[in-house]
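> One structure, pasted below without further comment.
The values are calculated or read from the model by the stated rules, or taken from the named source; none is laboratory data. Being a predicted model, the structure only gives us computed values, none of them experimental. Note: ideal-geometry Cβ built from the backbone for every residue, glycine included; neighbour counts use all protein chains shown. Surface areas here come from the heavy atoms of the whole protein model, side chains and all, with no ligands, DNA or RNA. Shrake-Rupley method; radii C 1.70, N 1.55, O 1.52, S 1.80 Å.
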Amino acid sequence: MHTFSEQAQGVIELARFASDKGWLPATSGNLSILVERNPLLFAITRSGADKQRLTERDVLLVDADMQVQGESSYRPSAETTVHVALYDKLSCGSILHVHTVYNNLISELFARQGYVEIAHHELLKALGHWEEDASVRIPIVPNWADLHQLGQAVADAAKPDVPAVLVRAHGVYAFGDTPDAARRHLEAVEFLCEYVYRLELIRNAGFVSP
């Protein structure tokens, strides 16, 4: 198992990657990496941190009760509840939550049916689906103001074979067994959200058959 310091550096690298993509605007989002499974301990970005300028002080070691381990004047993100719920349900080793225009638009367009279905696309392989006729349904949950309710909703919707959940008009949670896997899943989902949105536009304009 890696040390907290090693995982904190991993969180910083993930934050720089997502920030460079423009996926963490205005200090939004939260990123975590598992440190220990039992008892649960994970490294997570603090509340209000500018993700482009993270230092190790901006990454906190947190337990299953959202209590910060060690000395720090900072608080973990309020949405740490979602990370706890996902770590409790799944065997994931990293969770990434970002806010982008495309994942927000897709969550609004398909909110009523509760998922966005994506089929026959090459990038589904990045989510672990290599079948020729591959199809996935990425769940969409309401943006509950009660963060414990939000955490439960995301965890209830999450499935190991579809490593992402969209929160309506909010953002996406992507997860994986490792930080690299979580990053790959996030990047694939962001591409697919943009693809589906643009495809909907040209379909509505009559250029592509339904």
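> Quick one: is residue 3 open to solvent by 20 Å² or more (accessible area, probe 1.4 Å), touching a helix residue (DSSP H, G or I) at 6+ places or on another chain (Cβ under 8 Å) and among the β-branched types (Val, Ile, Thr)?
no
> Any idea which of (1) loosely packed, with under 15 Cβ neighbours inside 10 Å; (2) over 17 Å from residue 95 (Cβ atoms) is the one residue 160 doesn't satisfy?
Failed condition: (2).
> From the set of residues in the stretch 90-101 that are surrounded by 24 or more Cβ atoms within 10 Å (Cβ to Cβ) and β-branched (Val, Ile, Thr), which is farthest from residue 4 (Cα to Cα)?
So the residue we want is 98.
> Looking only at the stretch 102-132, how many residues end up being free of Cβ contacts under 8 Å to residues at least 60 places away in the same chain, surrounded by 13 or more Cβ atoms within 10 Å (Cβ to Cβ) and of a type in the set (Gly, Ala, Ser)?
Of the residues in that region, 3 qualify.
> Return yes when residue 182 is touching a Pro at 6+ places or on another chain (Cβ under 8 Å) and open to solvent by less than 80 Å² (accessible area, probe 1.4 Å) and no when it is not.
Taking the combined requirement at face value, the residue satisfies it.
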